[in-house]
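Asks: Once you've had a glance at the structure underneath, I'll fire off some questions.
The values are calculated or read from the model by the stated rules, or taken from the named source; none is laboratory data. Just so we're clear, the structure is a prediction, and the values are computed from it rather than from any experiment. No Cβ is skipped: glycine too gets one built from the backbone with ideal geometry, and neighbour counts run over all protein chains shown.
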Amino acid sequence: MTYKSLTYTFPSFLSSVLNSYTQIFFSDSRIFSVILLGVTFFDFWAGVSGVIAVMVTNILAYLIGFNRINIKKGYYGFNSLLVGLGLGVYYQPGTQFFIVLGFAALLTLFLTLMIEGVVGKYGLPFLSLSFLLGTWLVSLATRQFTALHVSERGIYMTNEMFMLGGKHMVTSYNWLTSLGIHDSVRLYFTSLGAIFFQYHLFAGILIALGILIYSRIAFILSLVGFFSAYAYYNFIGADIHELSYSFIGFNFILTSIAVGGFFIIPSRWSFLWVILLTPLISIILTSTQAIFSIFQLSVYSLPFNMVVLIFLYALKFRERFFDKPEQVLYQQYSPEKNLYSHVNYKARFGKSLYFPFILPFWGEWKVTQGHNGKFTHQGDWRHAWDFEVMDEDGHTYTGDGNSCEDYYAYNKPVIAPADGRVEEIINEVEENEIGNVDLEHNWGNTIILHHADQLYSKLSHLKKGSLKVVSGEAVKKGQVVAACGNSGRSPIPHLHFQLQGTPYIGSRTLDYPISHFIQHNGSVFELKSYESPGNEVVVSNISKNISLEKAFHFIPGQKFLFSVKPDRGKEYLVDWEVQVDALNLTCIYCEKTKSRAWFRNDGDIHYFTHFDGDRSSVLFKFFLGAYKVMMGYYRNLLVKDQYPVNTFNNQLVGLVQDFVAPFVLFTRSEYSLNYTGMEDALMQTNIRLRSEVSARIGRHEIKKMECELFVGIHGLERFIIHENEKETVVNLVSGR
């Protein structure tokens, strides 16, 4: 086979092997994988056996046709790795052994798929269950294989250290073991090494270092999990040597990382549950040991598997307190990323779970009576708005105001606030003379729209005969449905708008926000998202700008070619392409750096959501500089947002933050975008935006970047990055 055909048949094969090592610690860190791979070779033949088992498993998984993404992530390889390491430590190498090893890897692969199919139905991970079954089955079977010989390696540790690293390694090992290390610390490191069947301090120290590099939270959790167990054993008077028997104390370490930071968002609640689950692990560990000793088998990671699965399954039955603790919904293989992204998503999009409503009119209207009004918006009907149109002098009418036609709001179009269906209409109530009210028909002419389950909107005091829809008709957001009038309990023309949970006129109101709107204060504009307009404020829907909408409406398949001119350095080109994945998530992909900037657009606002890849790339700078862009142009409008704290931060400060992140976030990364100018208001083009990115501790700024974006008639034309007193100019060469 040619190299091209091999890479097609076995794509990302090296990644699939390396990720099989880090998956044991729920990681995909390449540095960590190299450390773990090296650790397994402290026992050379165990290391070889592990590599062979992983390669056999992944090759077969590719050839059979299993999911390539799962193979690449190491899902199918890590259980076989553990089986290979265990067998490699226990048996002498030889032809017969490696044949058995190959079939053991195949058996483990099939067991993995079977267990995944069973526990996956309940939304649970398969963890290392197939390693347990595979190891137990093979261990029992090989007792009858007379051609296999039990290894004597591990008995003379000094000799093996000499073979690995000569006299210097022996000296270092003897020095390390002679140190007055407390038994608990020694046991912690050896328990870590035992995960890879390496029962000495060297292995454990290297693994601990790898965990620290991969995740500071995971490292803290490993300490909390293990030393909670050590304290518990001392407290209840249990045999502390049980932890050193086969060094199965690693069950506490793996459980703490899984529960404290991988499947659960790291927090004080996840740390509390790590401590509370410690006695359960101990009970299961001691009891299963008593049973498995009859068959001369080790329990290995059985307590870890049982406790994690039981706990995750129990959480599915909660009816309240879903944030104590919160489960990870989108896995990023890092406790820090899971935490920071979760906190950021809740802050940015937590309210976007609401059904999106716009204001039911065009132009600028004033809230003359808001929630908890002075006159009618009270009690069960307090969550409603009355809107009127005012001129620059604050008047609602022209002339003497004795006629409905004198009022600016009268006969103005009323639009559907969201997609829906007409539930009920009233269209025959007479208009009131100014100052009079109709108490018999309190709501006057009205439209009730059904938008979602137990979610309706009501538009009242409409003009008689102005309704343009009929009951049962489907309507689209922004569609004109009637005109503002003066019917019902309405002394002057105005529009009453409320949201409610039932389809009846007179239903109780719901405290429900408007998705996006502009709040006006003279020449000062403010973007509001998922808020309720306050009393006496002037508001409008976002008036979209054609050029901005074109610039940030990225369509899958769209390609861009940019020339990049660094302040110092040679000009170069970058290719970007808009892509969409199997989950219908969209991103901009950079061919040069293999980076992706994921985004979403709700029609009013463009958001970047997260970034994968090279953080020195131009795409990352664009991700930062255009993090949130509203599609309307309002001069000097300031749009603000925040990044996950690990997106843009001082490296040293970020490391310190990681250690305490589950308990306190003392740093923050902020974004602001200013609409600074538009040269051609008639054509709505030649727009200049300026964004500022900063990392802060309290009020102290520790890092900063600025970005200028220039939008023309055809969309984004160029952007300029200002960072560290350097300027990088990025010009669009072509885009289609």
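Asks: In segment 580-605, which residues are under 17 Å from VAL618 (Cβ atoms) and part of a strand (DSSP E or B)? Steps first, please.
Replies: Of all residues in segment 580-605, those under 17 Å from VAL618 (Cβ atoms) come to 587-599.
The answer is CYS587, ILE588, TYR589, CYS590, SER595, ARG596, ALA597, TRP598, PHE599.
Asks: Determine if segment 79-91 includes at least one residue that is farther than 16 Å from ALA147 by Cβ, among the polar types (S, T, N, Q) and surrounded by fewer than 24 Cβ atoms within 10 Å (Cβ to Cβ).
Replies: Kept after step one, since they are farther than 16 Å from ALA147 by Cβ, are these residues of segment 79-91: 79-86, 88-89.
With the extra rule that they be among the polar types (S, T, N, Q), the set shrinks to 79-80.
Then keep just the ones that are surrounded by fewer than 24 Cβ atoms within 10 Å (Cβ to Cβ); that gives none.
No, segment 79-91 contains no residue that is farther than 16 Å from ALA147 by Cβ, among the polar types (S, T, N, Q) and surrounded by fewer than 24 Cβ atoms within 10 Å (Cβ to Cβ).
Asks: With the checklist (1) within 24 Å of VAL48 (Cα to Cα); (2) within 27 Å of the chain's Cα centre (by Cα) in hand, flag the one item LEU109 doesn't pass.
Replies: Exception for LEU109: condition (2).
Asks: If you don't mind, another one. For segment 683-692, check the following and say yes or no: at least one residue is among the hydroxyl-bearing types (Ser, Thr, Tyr) and in a loop (DSSP other than H, G, I, E, B). First the steps, then the outcome.
Replies: Of the residues in segment 683-692, the ones among the hydroxyl-bearing types (Ser, Thr, Tyr) are 685, 691.
If we keep only those that are in a loop (DSSP other than H, G, I, E, B) as well, we get none.
No, every residue in segment 683-692 fails to be among the hydroxyl-bearing types (Ser, Thr, Tyr) and in a loop (DSSP other than H, G, I, E, B).
Asks: Could you tell me how many of the residues in segment 330-359 are within 22 Å of ASP453 (Cβ to Cβ) and not hydroxyl-bearing (Ser, Thr, Tyr)?
Replies: Filtering segment 330-359 for residues within 22 Å of ASP453 (Cβ to Cβ) gives 349-358.
From what is left, the residues that are not hydroxyl-bearing (Ser, Thr, Tyr) are 349-351, 353, 355-358.
Summing the residues that are within 22 Å of ASP453 (Cβ to Cβ) and not hydroxyl-bearing (Ser, Thr, Tyr) in segment 330-359 gives 8.
Asks: Go through segment 413-446 and give me each residue that's assigned to a strand (DSSP E or B) and either surrounded by fewer than 18 Cβ atoms within 10 Å (Cβ to Cβ) or of a type in the set (Asp, Glu) (or both).
Replies: From segment 413-446, those assigned to a strand (DSSP E or B) are 413-415, 420-426, 431, 445-446; that's our starting set.
Scanning segment 413-446 gives PRO413, ARG421, GLU423, GLU424, GLU431.
Asks: Then there's this: Do the conditions hold for PHE292, that is, is it in contact (Cβ under 8 Å) with a residue 24 or more places away in the chain, surrounded by fewer than 24 Cβ atoms within 10 Å (Cβ to Cβ) and assigned to a helix (DSSP H, G or I)? Break it down stepwise before answering.
Replies: Details: in contact (Cβ under 8 Å) with a residue 24 or more places away in the chain: no; surrounded by fewer than 24 Cβ atoms within 10 Å (Cβ to Cβ): yes; assigned to a helix (DSSP H, G or I): yes.
No; evaluated as a whole, the condition is false for this residue.
Asks: crowded, with 20+ Cβ neighbours inside 10 Å, more than 17 Å from GLY88 (Cα to Cα), modelled with pLDDT under 80 and over 41 Å from the mean Cα position of the chain (by Cα), is that true of MET161? It would help to see each step written out before you state the result.
Replies: Values: crowded, with 20+ Cβ neighbours inside 10 Å: yes; more than 17 Å from GLY88 (Cα to Cα): yes; modelled with pLDDT under 80: yes; over 41 Å from the mean Cα position of the chain (by Cα): yes.
In short, yes.
Asks: Would segment 88-106 turn up any residue that is under 25 Å from the mean Cα position of the chain (by Cα) and part of a helix (DSSP H, G or I)? Quick ask: steps written out before the conclusion?
Replies: Just the residues of segment 88-106 that are under 25 Å from the mean Cα position of the chain (by Cα), to begin with: none.
No, the conditions are met nowhere in segment 88-106.
Asks: Further question on the same structure: Would you confirm whether or not segment 662-669 contains a residue that is among the β-branched types (Val, Ile, Thr), surrounded by fewer than 21 Cβ atoms within 10 Å (Cβ to Cβ) and assigned to a helix (DSSP H, G or I)?
Replies: No, the conditions are met nowhere in segment 662-669.
Asks: Sticking with this one: Taking segment 486-504, which residues are more than 29 Å from GLY401 (Cβ to Cβ) and surrounded by fewer than 19 Cβ atoms within 10 Å (Cβ to Cβ)?
Replies: Our first condition is that a residue be more than 29 Å from GLY401 (Cβ to Cβ); within segment 486-504, this holds for 499-504.
Residues satisfying the conditions are GLY501, THR502, PRO503, TYR504.
Asks: Which residues, counting only those in segment 501-532, are assigned to a strand (DSSP E or B), over 32 Å from the mean Cα position of the chain (by Cα) and under 24 Å from ARG421 (Cα atoms)? Reasoning before the result, please.
Replies: Step one: of segment 501-532, the residues assigned to a strand (DSSP E or B) are 509, 514-521, 524-531.
With over 32 Å from the mean Cα position of the chain (by Cα) added as a condition, the list becomes 509, 520-521, 524.
Once the filter is applied, which keeps residues that are assigned to a strand (DSSP E or B), over 32 Å from the mean Cα position of the chain (by Cα) and under 24 Å from ARG421 (Cα atoms), segment 501-532 yields only THR509.
Asks: Could you tell me whether segment 631-643 includes any residue that is basic (Lys, Arg) and in a loop (DSSP other than H, G, I, E, B)? Talk me through it step by step, then tell me what you get.
Replies: Step one: list which residues in segment 631-643 are basic (Lys, Arg), which gives 635, 640.
Still in the list and also in a loop (DSSP other than H, G, I, E, B): 635.
Checked segment 631-643: at least one residue is basic (Lys, Arg) and in a loop (DSSP other than H, G, I, E, B).
Asks: Find the residue count for segment 25-34, including only residues that are buried (at least 20 other Cβ atoms within 10 Å of the Cβ) and in a helix (DSSP H, G or I).
Replies: Of the residues in segment 25-34, 3 are buried (at least 20 other Cβ atoms within 10 Å of the Cβ) and in a helix (DSSP H, G or I).
Asks: Also, quick follow-up: Return the residues of segment 478-518 that are in contact with a Pro (Cβ under 7 Å, 6 or more places away or on another chain) and not hydrophobic (A, V, I, L, M, F, W, C); say none if nothing qualifies.
Replies: GLY485, ASN486, SER515
Asks: What do you reckon, is LEU63 part of a helix (DSSP H, G or I) and not small (Gly, Ala, Ser)? Full working, then the answer.
Replies: Working: part of a helix (DSSP H, G or I): yes; not small (Gly, Ala, Ser): yes.
Yes; evaluated as a whole, the condition is true for this residue.
Asks: Still on this structure, please answer the following. Residues of segment 447-478 being assigned to a loop (DSSP other than H, G, I, E, B) and within 35 Å of the chain's Cα centre (by Cα), which ones? Show your work before the answer.
Replies: Restricting attention to segment 447-478, the residues satisfying the condition of being assigned to a loop (DSSP other than H, G, I, E, B) are 453-454, 463-473, 476-478.
If the condition is that a residue be assigned to a loop (DSSP other than H, G, I, E, B) and within 35 Å of the chain's Cα centre (by Cα), then ASP453, GLN454, LYS476, LYS477, GLY478 are the ones that fit.
Asks: Right, something else. Return the residues of segment 372-402 that are acidic (Asp, Glu) and more than 12 Å from LEU510 (Cα to Cα); say none if nothing qualifies. Don't jump to the end; show me each part of the working.
Replies: So the first thing to find is which residues in segment 372-402 are acidic (Asp, Glu), and the list is 380, 386, 388, 391-393, 400.
Answer for segment 372-402, where residues must be acidic (Asp, Glu) and more than 12 Å from LEU510 (Cα to Cα): ASP386, GLU388, ASP391, GLU392, ASP393, ASP400.
Asks: So which residues in segment 535-552 are of a type outside the set (A, V, I, L, M, F, W, C), closer than 22 Å to PRO413 by Cα and buried (at least 18 other Cβ atoms within 10 Å of the Cβ)?
Replies: SER540, ASN541, ASN545
Asks: Every residue in segment 597-608 that is free of Cβ contacts under 8 Å to residues at least 40 places away in the same chain and surrounded by fewer than 19 Cβ atoms within 10 Å (Cβ to Cβ), please.
Replies: Looking only at segment 597-608, we keep the residues that are free of Cβ contacts under 8 Å to residues at least 40 places away in the same chain, and these are 597-598, 600, 603, 608.
Within segment 597-608, TRP598, ARG600, GLY603 meet the criteria.
Asks: Ok, one more. Specify which of the listed residues (SER256, SER270, SER282, SER222) is part of a helix (DSSP H, G or I), among the hydroxyl-bearing types (Ser, Thr, Tyr) and touching a Phe, Trp or Tyr at 6+ places or on another chain (Cβ under 7 Å). Walk me through it before giving the result.
Replies: Details: SER256 fails: touching a Phe, Trp or Tyr at 6+ places or on another chain (Cβ under 7 Å); SER270 fails: touching a Phe, Trp or Tyr at 6+ places or on another chain (Cβ under 7 Å); SER222 fails: touching a Phe, Trp or Tyr at 6+ places or on another chain (Cβ under 7 Å).
Within the list SER256, SER270, SER282, SER222, the selection yields SER282.
Asks: Another question, if that's okay. Among the residues of segment 488-495, is any in a strand (DSSP E or B), within 32 Å of the chain's Cα centre (by Cα), among the hydrophobic types (A, V, I, L, M, F, W, C) and within 28 Å of ASP453 (Cα to Cα)? Outline the logic, then answer.
Replies: Of segment 488-495, the ones in a strand (DSSP E or B) are 495.
The next check asks that each one be within 32 Å of the chain's Cα centre (by Cα); those that pass are none.
Taking every residue of segment 488-495 in turn, none turns out to be in a strand (DSSP E or B), within 32 Å of the chain's Cα centre (by Cα), among the hydrophobic types (A, V, I, L, M, F, W, C) and within 28 Å of ASP453 (Cα to Cα).
Asks: Let me ask something else about it. Just name the residue that is surrounded by the fewest Cβ atoms within 10 Å (Cβ to Cβ) out of those in segment 353-391 that are in contact with a Ser or Thr (Cβ under 8 Å, 6 or more places away or on another chain) and part of a helix (DSSP H, G or I).
Replies: That would be ASP380.
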